[in-house]
Amino acid sequence: MNNLTLPSDWTVQKLGAVCAKPEYGLTETATTDRVGPRFLRITDIQGGEVAWDKVPFCRCSQADVDRHRIQRGDLLVARIGGTTGKTFFVRNCPEEAVFASYLIRLRPNAVHDRYLYYFCQSRLYWEHIDAGKDERLKGGVNSSSLTQLPIVVPPPAEQVAIADVLESIESAARNQTAIATGLGRLKAATMSKLFHEGLRSESLKETELGLIPESWDVVRLGDLAKIGNGSTPNRSNDTYWQKGVFPWITSTKVHDVFIKEAGELVSETALRECHLPVVPKGSLVIAITGQGKTLGNTALLEIETCVNQHLAYVRFQDQRPVPAFLLFWLQTQYDALRQVSSAGGSTKGALTCGYISDLRVPLPSNDEQKDIAALLMDLTKAQHVAEKKARAAGDLFAALLNQLMTGAVRVTDIETPEVANA
């Protein structure tokens, strides 16, 4: 922080000078008996929030309660483990509570509490936390290292203004995330209902897919479409990748759901010599291998493209299916597809084109497919809008956080509409 140029009315102080002495938590054992105060542990803090009604209780003396009580405005710092250095800001504490031993309490007394909370998310804070981690403490931090941590201190009014701006953006991101989550749950419930009951209030019949409307058919996917997979041109052959003219995608693109562009382009030479299948717009692609949550995901192509060997393409040759309808139906099969890939139903850790060809899918009338797809498309688009807004607010928060904490950007420089529309 020595090379940092700050506004003339800002200072750098040690954390110990602006907070009461850091306090370690209690080592008492939590109990489900409704006796004593609530006993807040690291595991009770999820995503920066606490469900206080689920926090267990603690048997301890009144002296311990007085010493380790949590109050509004406190910061609790994780002192060991994978969350070392992360802070939880106590915005409210609905009933008497104390905190556990893997947490250290910071109680600001010469700096605004919300400003300190946001400073403890900044790059300046994390540089010193990471530098101060002690191997004797299993990579953790202690009260001494926290006390010596330098903190940038603007005038009190500017501390409040900085906290207000960051809080408004953080709140916008949180709200949009909640909206996206709610829409995702609504979409899942809607898909479950529509793919079993349809839209026409028909009687249901029992099939290998379970109960579906009487007029619906059950069809082998391979009878509706050609199923295949692609390949990756040799990376060491520059002629395949230089002067690329044609889209080529990998399995990570399935997370786009609606694929509008490719991450890479291959050359005419690659198309000709590597016999890459050209998959037309309106086809589906399914990730048949992949790490994390990739395997089993399905996406709809809105461009003509080539694919790599980790994607199966579903190129429709029948006029009956509506691609978007089957896209959403295959999304409901995500867990089942992953189970098949890991349970010996195909090659280890992967799906096969043969297995996908043999999948049985529901097939309503073309009109009903379109109506169901349109309903689900509207929910999907609304969810994607909320997710995009949440990401934008998160990016704005991250950018402004470090700039505001160093004075590179002052609160007076920020246009209100930009923050309000985060």
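Against the longest principal axis of the chain, how steep is helix 123-132, in degrees 0 to 90 to the nearest 10, with axes from Cα atoms?
Helix 123-132 sits at roughly 70 degrees to that axis.
Can you spot the lysines whose alpha carbon is less than 23 Å from Lys86's alpha carbon? Ignore those fewer than 8 places along the same chain.
Of all the lysines, those that pass the test against Lys86 - Cα under 23 Å, at least 8 places apart if same chain - are Lys14, Lys21, Lys54, Lys133, Lys138.
Just how far, in whole angstrom, is region 176-203 from region 313-340 if you go by their alpha carbon centroids?
Taking the Cα centre of region 176-203 as reference, the centre of region 313-340 is 17 Å away.
Ignoring ligands, DNA and RNA, what accessible area per residue does region 263-422 give at 1.4 Å, in Å²?
Result: 47 Å² of accessible area for each residue.
So if R0 is 56 Å, what FRET efficiency would Gln333 and Arg410 give, r being the distance between their Cβ atoms, rounded to the nearest 0.05?
0.60
Quick one: helix 323-332 against the long Cα principal axis of the chain, what's the angle to the nearest 10°, folded into 0 to 90?
50
Which of the pairs Lys205/Lys388; Lys187/Lys260; Lys293/Lys381 have their Cα atoms more than 29 Å apart in this structure?
Among Lys205/Lys388; Lys187/Lys260; Lys293/Lys381, the Cα-Cα distance tops 29 Å for Lys205/Lys388.
Which Cα, out of Val12, Thr380, Ser145, lies furthest along the positive dipole direction of the chain (beta carbon charges, K/R +1, D/E -1)?
Ser145
Could you give the length gained on full extension between Ala157 and Ser342, defined as 0.36 nm per residue of separation minus the Cα-Cα distance, in nm?
Length gained between Ala157 and Ser342: 60.8 nm.
For helix 366-406, what angle does its Cα long axis make with the longest principal axis of the chain, in degrees from 0 to 90 and rounded to 10?
The angle comes out at about 30 degrees.
With only Lys, Arg, Asp and Glu charged, each at its Cβ (+1 for the first two, -1 for the last two), find how big the charge dipole of the chain is about the Cα centre; round to the nearest 20 debye.
Charge dipole of the chain: 820 debye, to the nearest 20.
What's the magnitude of the charge dipole for region 25-113 around its Cα centre, counting Lys and Arg as +1 and Asp and Glu as -1 at the beta-carbon? Answer in Debye, nearest 20.
About 180 debye.
Could you look at the chain and say what percent of its accessible area is carbon and sulfur, using a 1.4 Å probe and all protein chains?
49
Under a point spin-label approximation (7 Å from Cα along Cα-to-Cβ), what is the Ser168-Ser203 distance to one decimal in nm?
A separation of 6.2 nm, rounded to one decimal place.
So if I take the centroid of the Cα atoms in region 363-377 and the same for region 88-115, what is the distance between those two points in Å?
Comparing the Cα centres of region 363-377 and region 88-115, I get a distance of 52 Å.
Under the rule of at least 5 residues apart or a separate chain, name every residue whose amide H is placed under 5 Å from the amide H of Leu311.
Close amide H contacts, sequence-distant or interchain: Gly230, Ile288.
Quote to one decimal, in nm, the extra length available between Leu265 and Lys21 on full extension: 0.36 nm per residue of separation minus the C-alpha distance between them.
Gain on extension, Leu265 to Lys21, equals 81.9 nm.
For Gln46 paired with Ala131, estimate the spin-label separation in nm (one decimal), with each label point 7 Å from Cα along the Cα-to-Cβ line.
Between Gln46 and Ala131, the label points sit 3.7 nm apart.
Note the full-extension length gain between Arg360 and Glu304 as 0.36 nm times their separation in residues minus their Cα-Cα distance, in nm to one decimal.
17.6 nm
Largest first, what is the accessible-area ranking of Val411, Val77 with a 1.4 Å probe?
Correct descending sequence by accessible area is Val411, Val77.
Please give the FRET efficiency for Ser61 paired with Val385, using the beta carbon to beta carbon distance and R0 = 41 Å, rounded to the nearest 0.05.
After rounding to 0.05, the efficiency reads 0.15.
From the list [x] -0.99, -1.08; [y] -0.77, -1.12; [z] -0.72, -1.01, can you say which value of log10 I(q)/I(0) by the Debye sum over Cα atoms at q = 0.11, 0.13 Å⁻¹ was derived from the structure given?
Calculated log10 I(q)/I(0) by the Debye sum over Cα atoms at q = 0.11, 0.13 Å⁻¹: the matching label is [x].
The values are calculated or read from the model by the stated rules, or taken from the named source; none is laboratory data. As the structure is a computational prediction, the values presented were derived from the model and not from experiment. Note: ideal-geometry Cβ built from the backbone for every residue, glycine included; neighbour counts use all protein chains shown. When the accessible area is computed, the model is the full protein with side chains, heavy atoms only, and any ligands, DNA or RNA have been set aside. Shrake-Rupley method; radii C 1.70, N 1.55, O 1.52, S 1.80 Å.
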